[in-house]
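A quick write-up on the structure given underneath.
The values are calculated or read from the model by the stated rules, or taken from the named source; none is laboratory data. Being a predicted model, the structure only gives us computed values, none of them experimental. When we count neighbours, we look across all protein chains shown, and the Cβ atoms used for this are built from the backbone with ideal geometry, even at glycine.
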Ligand code: KG4
Ligand code: ZN
């Protein structure tokens, strides 16, 4: 059995997986969401303290399996350095105490492995990774080599939900909040412009869309400025010759002048365009790639509108669509354990375990 630790952001998680058949023997995850929600986003110092407090207890609750362990795995890249560190320290301590080898796992490779928890690995494969920290289109070759075909140049998909939710005075994490509120809204109420429309650049950009949400909130807060005079960002009208409030204009935290229906309309219009942007760039990717299978992973792949749009999209290309099980879309140690089992079979252990908070995926192998 392999024990895996995941602590790259705001979840302290431990899983134990049987190396012979990938069966899950033990799993626990302590989410810090409630603590970070008070601040509207992840506070790194708080995350570090909460991991340091939670991990020893979470690990000890797996103690009955210690004698069956063959290796200790841990996420060592990428992530918040202050969050990665407590996991790495715990893994090193366990490996020393139990005299077991260490396996390092890239968090994003872990997300890819969430597709293979109950399914065999079939390659080649196209992958969309949508999380709070990343938005990427990946190609995985027959022999498992990962190529990054496109990524976001600013905010990630999940981050744009988190930040829009914050502007609307909703809770954290913003993804589920926006998704639920959007169900009650009119997704055509706001004509937000599609990012990178008409360009041939295979990349994502969510900061302009997020800014359109900010301006829509400001307009409602300050009804002197009709929404219609707020320029479409893709038309390139500078803020100097318009009546837009400056970038630093404060949005009152309670959004007291924005009704629940108006918030729902903004949420629905935002979600529609954010998902359309994902699909629009995938069309570009599919114009040069012939994928028979396409997987979607990461916390934000739980978004139901995105899932249904991807289903129609992949069906139109006669491409098999794979999703991770909903409970393993967000960060968890099970996907890390699954990735580690492959490394264990390849005898891919690490002597000195280093932390790489900003590592890339380019040219990594998944098998
Ligand atoms: O993969 P993950 O758990 O953590 C990172 O590695 O970043 O992803 C968390 C992100 C957050 O930004 C969260 O708001 C987003 O996933 N998310 C969603 C949904 N559920 C979670 N975004 C959109 N719709 C959802 N239903
Ligand atoms: Zn993640």
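For the stretch 175-183, indicate whether the set of residues that are in a loop (DSSP other than H, G, I, E, B) and over 14 Å from residue 269 (Cα atoms) is non-empty.
First pass over the stretch 175-183, keeping only residues in a loop (DSSP other than H, G, I, E, B): 183.
Remaining after also requiring over 14 Å from residue 269 (Cα atoms): none.
The answer is no, given that none of the residues of the stretch 175-183 is in a loop (DSSP other than H, G, I, E, B) and over 14 Å from residue 269 (Cα atoms).
Could you tell me how many of the residues in the stretch 94-103 are in contact with a strand residue (DSSP E or B) (Cβ under 9 Å, 6 or more places away or on another chain) and either within 24 Å of residue 49 (Cβ to Cβ) or within 13 Å of ligand 2 (Cβ to nearest atom) (or both)? Don't jump to the end; show me each part of the working.
Kept after step one, since they are in contact with a strand residue (DSSP E or B) (Cβ under 9 Å, 6 or more places away or on another chain), are these residues of the stretch 94-103: 94-95, 98, 100-103.
The next check asks that each one be either within 24 Å of residue 49 (Cβ to Cβ) or within 13 Å of ligand 2 (Cβ to nearest atom) (or both); those that pass are 94-95.
Of the residues in that region, 2 qualify.
Among the listed residues 316, 308, which satisfies the condition of being more than 30 Å from residue 102 (Cα to Cα) and either touching a residue at least 40 places away in the same chain (Cβ under 8 Å) or within 16 Å of ligand 1 (Cβ to nearest atom) (or both)? Lay out the reasoning, then the answer.
Numbers: 316 fails: either touching a residue at least 40 places away in the same chain (Cβ under 8 Å) or within 16 Å of ligand 1 (Cβ to nearest atom) (or both).
After ruling out the rest, the residue left standing is 308.
Counting just the residues of the stretch 18-42 that are under 24 Å from residue 134 (Cβ atoms) and away from ligand 1 (no atom under 15 Å from the Cβ), which one comes out surrounded by the most Cβ atoms within 10 Å (Cβ to Cβ)?
So, considering only residues that are under 24 Å from residue 134 (Cβ atoms) and away from ligand 1 (no atom under 15 Å from the Cβ), the one surrounded by the most Cβ atoms within 10 Å (Cβ to Cβ) is 27.
Scan the stretch 136-145 and tell me whether some residue there is surrounded by fewer than 21 Cβ atoms within 10 Å (Cβ to Cβ), out of contact with any strand residue (DSSP E or B) (no Cβ under 8 Å at 6 or more places or on another chain) and within 30 Å of residue 114 (Cβ to Cβ). I'd like the intermediate steps shown before the answer.
Our first condition is that a residue be surrounded by fewer than 21 Cβ atoms within 10 Å (Cβ to Cβ); within the stretch 136-145, this holds for 139, 141-145.
Okay, now just the ones that are also out of contact with any strand residue (DSSP E or B) (no Cβ under 8 Å at 6 or more places or on another chain), so 142.
Next cut, within 30 Å of residue 114 (Cβ to Cβ) only: 142.
Looking for residues that are surrounded by fewer than 21 Cβ atoms within 10 Å (Cβ to Cβ), out of contact with any strand residue (DSSP E or B) (no Cβ under 8 Å at 6 or more places or on another chain) and within 30 Å of residue 114 (Cβ to Cβ), one finds at least one in the stretch 136-145, hence yes.
Working carefully through the options 79, 110, 132, 126, find the one that is more than 16 Å from ligand 1 (Cβ to nearest atom), crowded, with 18+ Cβ neighbours inside 10 Å and closer than 25 Å to residue 161 by Cα.
Working: 79 fails: more than 16 Å from ligand 1 (Cβ to nearest atom); 110 fails: more than 16 Å from ligand 1 (Cβ to nearest atom); 132 fails: more than 16 Å from ligand 1 (Cβ to nearest atom).
Of 79, 110, 132, 126, the one residue that is more than 16 Å from ligand 1 (Cβ to nearest atom), crowded, with 18+ Cβ neighbours inside 10 Å and closer than 25 Å to residue 161 by Cα is 126.
So if I check each of 321, 306, which one is touching a strand residue (DSSP E or B) at 6+ places or on another chain (Cβ under 8 Å) and in a strand (DSSP E or B)? Outline the logic, then answer.
On the way: 306 fails: in a strand (DSSP E or B).
That would be 321, the only listed residue that is touching a strand residue (DSSP E or B) at 6+ places or on another chain (Cβ under 8 Å) and in a strand (DSSP E or B).
Can you tell me which of (1) more than 17 Å from the chain's Cα centre (by Cα); (2) crowded, with 16+ Cβ neighbours inside 10 Å; (3) within 15 Å of ligand 1 (Cβ to nearest atom) is the one residue 295 doesn't meet?
Status for residue 295: all satisfied but (1).
Might you check whether a residue that is in the same structural domain as residue 81 (by TED's automatic domain parsing), modelled with pLDDT of 95 or more, outside any loop (DSSP other than H, G, I, E, B) and in contact with a helix residue (DSSP H, G or I) (Cβ under 6 Å, 6 or more places away or on another chain) occurs anywhere in the stretch 339-360?
Yes.
Of all the residues that make up the stretch 277-292, how many are surrounded by fewer than 18 Cβ atoms within 10 Å (Cβ to Cβ) and in contact with a helix residue (DSSP H, G or I) (Cβ under 7 Å, 6 or more places away or on another chain)?
Residues that pass the stated criteria total 1.
Let me spell it out: the conditions are (1) touching a strand residue (DSSP E or B) at 6+ places or on another chain (Cβ under 8 Å); (2) outside any helix (DSSP H, G or I); (3) within 15 Å of ligand 2 (Cβ to nearest atom), and residue 133 meets all of them except one. Which number is the exception?
If we test residue 133 against (1) touching a strand residue (DSSP E or B) at 6+ places or on another chain (Cβ under 8 Å); (2) outside any helix (DSSP H, G or I); (3) within 15 Å of ligand 2 (Cβ to nearest atom), just (1) comes out false.
So which of 114, 193, 104 ends up being assigned to a helix (DSSP H, G or I) and either touching a helix residue (DSSP H, G or I) at 6+ places or on another chain (Cβ under 6 Å) or within 30 Å of residue 353 (Cβ to Cβ) (or both)? So that I can check it myself, show each step before the final result.
On the way: 193 fails: assigned to a helix (DSSP H, G or I); 104 fails: assigned to a helix (DSSP H, G or I).
Only one candidate passes the filter, namely 114.
Evaluate the following for residue 109: is it in a helix (DSSP H, G or I), under 20 Å from residue 359 (Cα atoms) and modelled with pLDDT of 95 or more?
On the way: in a helix (DSSP H, G or I): yes; under 20 Å from residue 359 (Cα atoms): yes; modelled with pLDDT of 95 or more: yes.
So residue 109 fits the description; yes.
Could you tell me whether the stretch 152-167 includes any residue that is in contact (Cβ under 8 Å) with a residue 60 or more places away in the chain, within 23 Å of residue 360 (Cβ to Cβ) and surrounded by fewer than 20 Cβ atoms within 10 Å (Cβ to Cβ)?
Within the stretch 152-167, none of the residues are in contact (Cβ under 8 Å) with a residue 60 or more places away in the chain, within 23 Å of residue 360 (Cβ to Cβ) and surrounded by fewer than 20 Cβ atoms within 10 Å (Cβ to Cβ).
Of all the residues that make up the stretch 195-247, how many are surrounded by fewer than 11 Cβ atoms within 10 Å (Cβ to Cβ) and either at pLDDT 95 or above or under 30 Å from residue 137 (Cα atoms) (or both)?
Looking only at that region, the number is 5.
Restrict the check to the stretch 332-351 and report whether at least one residue is more than 16 Å from ligand 2 (Cβ to nearest atom), exposed (fewer than 14 other Cβ atoms within 10 Å of the Cβ) and within 22 Å of residue 130 (Cβ to Cβ).
No, because not a single residue in the stretch 332-351 is more than 16 Å from ligand 2 (Cβ to nearest atom), exposed (fewer than 14 other Cβ atoms within 10 Å of the Cβ) and within 22 Å of residue 130 (Cβ to Cβ).
With the requirement that a residue be touching a strand residue (DSSP E or B) at 6+ places or on another chain (Cβ under 7 Å) and within 15 Å of ligand 1 (Cβ to nearest atom), what does the stretch 113-123 give you?
Listed by number, the residues that qualify are 114, 115.
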